[in-house]
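These notes are about the structure you will find just below.
Nothing in this text is a laboratory measurement; each read-out follows from the coordinates by a stated rule. Worth saying up front: this structure is predicted, and the values here are computed from it rather than measured. Note that we place each Cβ from the backbone using ideal geometry, even for glycine, and neighbour counts take in every protein chain shown.
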Amino acid sequence: MVVLSFFKPRVPASGPPSAEHMAKMGAFAEEMTRKGHLIAAGGFSTGDGIHASLIGGRFEAHDIMNPGDGFEGFGYLQASSREEMIGLIKRFLEVAGEGECIVRPCMDGPPQPK
C-alpha cells in the first residue's frame, strides 16, 4: 500500500525547527528510507500558494494568500499492510511531535472494474 500523508502540528511552528529536532527527523527519515518505507518527504514553505481549476472548459488560477490549513509537511510512504502503515504513522508522530496526519491511499494503477 502506498499513501500520501500530510502532517499538521498541534501548535504551529513559530520559527525554524531546532538542530536537535532536525537531527531526530533526519535519522528517522534515513531509517525509513533504508527500510523501503519512505519514498519522498518534505515541508511546505510559508509562501502563498496557487489554486487552479478547470470548470466548463474555463481555466482559472488564483493566488492563495496564507491558506491557513496548518499542514507543514508531507510524506509519500509505502507499507505491506494497513496495520504496518498505521504503525509507521504512529512512529512518525512520536518523532515529529504532537499533531495529526491525514493519510490518503494512492492508486497502484488504473482503477479496476468491480
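Note on the stretch 1-83: with charges restricted to the Cβ of Lys and Arg (+1) and Asp and Glu (-1), its dipole about the Cα centre is near 260 debye.
When 37, 62 are sorted by how many other C-beta atoms sit within 10 angstrom of their C-beta, beginning with the fewest, the order is 62, 37. Averaging over all projection directions, the Cα-based convex hull of the chain occupies 9.8 nm² in the image plane.
What are the ³J(HN,Hα) couplings of the stretch 43-52, residue after residue, when phi is run through the Karplus curve with 6.51, -1.76, 1.60 and θ = phi - 60°? Round to Hz, x for glycine and proline. For the stretch 43-52, the Karplus-derived couplings read x, 9, 6, 7, x, 6, x, 10, 10, 10 Hz, x marking Gly and Pro. Neighbour counts of other Cβ atoms within 10 Å put 25, 1 in the fewest-to-most order 1, 25. Close amide H pairs (under 5 Å, H built 1.01 Å from N) link residue 41 with 76, residues at least 5 positions away or on another chain.
For the stretch 31-114, relative contact order (Cα pairs under 8 Å, six or more residues apart, normalised by length) works out to 27 percent.
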